[in-house]
Structure formats: structure tokens, C-alpha cells
Amino acid sequence: ACALSYTPAVSGLFATGSTDKTLRLWDLRSSTPMAPILSHDVNAGAIFTAKFCPEAPYLIAVGGSNGEAIIWDVRFAPAVEASFGSTHEVLKAPAVTNAVAAAEGDGK
């Protein structure tokens with residue numbers, strides 16, 4: 001993995017991104033922690049950085065080789081809801097309109 005991020009708001013959830021262009025979400029509480037709960041091509045190219053937003057911990061910013069920043073809302077990923085439940089306070093939080101998630105990296 002080239003990128004790693006966790007959100008303390010959702011215990012056990014973290015994300016990795018790699019040069020295979022895939023963002024993966026993991027649940028460390030799972031009985032099979034070596035298998036991601038979700039693998040997703042976020043159309044960022046090879047992923048060099050990923051970061052959960054501190055003010056909106058359900059948003060993750062991803063930066064990759066295509067030069068664009070992608071913001072992804074993990075609340076709408078069925079695997080996240082299945083693993084953490086739709087009643088988790090972070091996953092049922094309203095959208096934040098003034099939060100920005102940022103990630104950095106030069107891919108080297």
C-alpha cells in the first residue's frame with residue numbers, strides 16, 4: 001500500500017490505497033482481518049495518498065496519478081454499512097457542507 005488512513009471516529013475502520021488504482025476499506029474487528037471489506041477503483045489512477053477528514057470522518061480524500069483529488073463518502077458503501085451498521089453515529093451523520101478533506105503526496 002502507498003497510502004494508509006484511519007478514522008478514530010469509527011473504531012477498526014481504515015483505508016489503504018495503492019498503485020494498482022484501488023482504495024480498500026478494512027475492518028480490523030473482522031474475523032478475517034486480512035481481507036478488505038471493500039475494494040473500489042475511485043478513478044484517481046495509481047493512488048499515492050488517502051486521508052479521512054477529521055471534521056467529517058466519513059469522507060476520505062484520495063489523490064493519485066491522474067492529478068485529481070477525489071472525495072468519497074464511505075457512508076454510501078454497502079460493505080461499510082454491513083460491517084459497522086447504519087446506526088453508527090458517524091455513518092448516520094448529516095452531510096457537512098463546509099468541510100474539506102485533503103491529502104498530499106508526490107507519488108515518490
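For the reader, a short list of remarks on this structure follows.
- Within the stretch 62-108, the set of residues being modelled with pLDDT of 80 or more and hydrophobic (A, V, I, L, M, F, W, C) comprises 62, 69, 70, 71, 72, 74.
- The strands (runs of 3 or more DSSP E) found entirely in the stretch 6-61 that carry 3 or more residues being modelled with pLDDT of 85 or more and either in contact with a strand residue (DSSP E or B) (Cβ under 6 Å, 6 or more places away or on another chain) or closer than 13 Å to residue 77 by Cα (or both) are 13-17, 23-27, 47-52.
- Scanning the stretch 42-57 turns up no residue that is hydroxyl-bearing (Ser, Thr, Tyr) and more than 11 Å from the chain's Cα centre (by Cα).
- Hits in the stretch 10-28 - residues which are open to solvent by less than 60 Å² (accessible area, probe 1.4 Å) and among the β-branched types (Val, Ile, Thr): 10, 16, 22
- Of residues in the stretch 31-82 being small (Gly, Ala, Ser) and open to solvent by 40 Å² or more (accessible area, probe 1.4 Å), the one nearest to residue 9 (Cα to Cα): 82
The values are calculated or read from the model by the stated rules, or taken from the named source; none is laboratory data. Please read all numbers here as calculations on a predicted model, not as lab measurements. With ideal geometry, Cβ positions are generated from the backbone for all residues, glycine too; neighbour counts draw on all protein chains shown. The protein model used for the area step is the full one, side chains on, heavy atoms only, and it has no ligands, DNA or RNA in it. Shrake-Rupley method; radii C 1.70, N 1.55, O 1.52, S 1.80 Å.
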